[in-house]
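Report on the structure given below.
The values are calculated or read from the model by the stated rules, or taken from the named source; none is laboratory data. Not measured: the values here are computed from a predicted model. In this analysis, Cβ positions are derived from the backbone assuming ideal geometry, glycine residues included, and neighbour counts consider all displayed protein chains.
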């Protein structure tokens with residue numbers, strides 16, 4: 001179930017404003033720095049995903065990558081990270097991801113990195 005607020009009281013300190021949906025919709029991808037964390041945001045359809053911007057393989061910016069068929073493709077060696085999980089099946093590694101919340105026009109990111117298969121986006 002989606003929250004009605006941008007942050008739940010018990011974990012409010014972890015949720016920070018990253019950008020607006022309007023800004024992200026311009027290019028469908030955006031690199032932001034939030035509290036010294038470089039984050040690559042991607043919009044696919046009506047969904048927003050957040051990854052640690054620096055690729056686990058070659059330290060390349062994923063925000064400069066390509067969105068294709070539910071994956072972000074790293075501009076370095078074309079590793080394909082699943083938008084939902086951050087998983088790269090050919091290499092059997094995960095790119096760190098962050099949970100995302102949309103509230104009104106604002107995109108919030110939970111700065112605690114995830115690496116499991118839990119949903120990456122909730123809306124309110």
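Can we say residue 40 is touching a strand residue (DSSP E or B) at 6+ places or on another chain (Cβ under 9 Å) and surrounded by 15 or more Cβ atoms within 10 Å (Cβ to Cβ)?
In short, yes.
Being under 16 Å from residue 111 (Cα atoms) and surrounded by 17 or more Cβ atoms within 10 Å (Cβ to Cβ) is the requirement here; does residue 32 meet it?
Taking the combined requirement at face value, the residue satisfies it.
Being out of contact with any helix residue (DSSP H, G or I) (no Cβ under 9 Å at 6 or more places or on another chain) and modelled with pLDDT of 75 or more is the filter here; which residues of segment 3-18 pass it?
12, 13, 14, 15, 16, 17
Please return the ranges of strands (runs of 3 or more DSSP E) entirely within segment 19-100 where 2 or more residues are more than 21 Å from residue 112 (Cβ to Cβ) and either modelled with pLDDT under 95 or under 13 Å from the mean Cα position of the chain (by Cα) (or both).
Correct list: 37-44.
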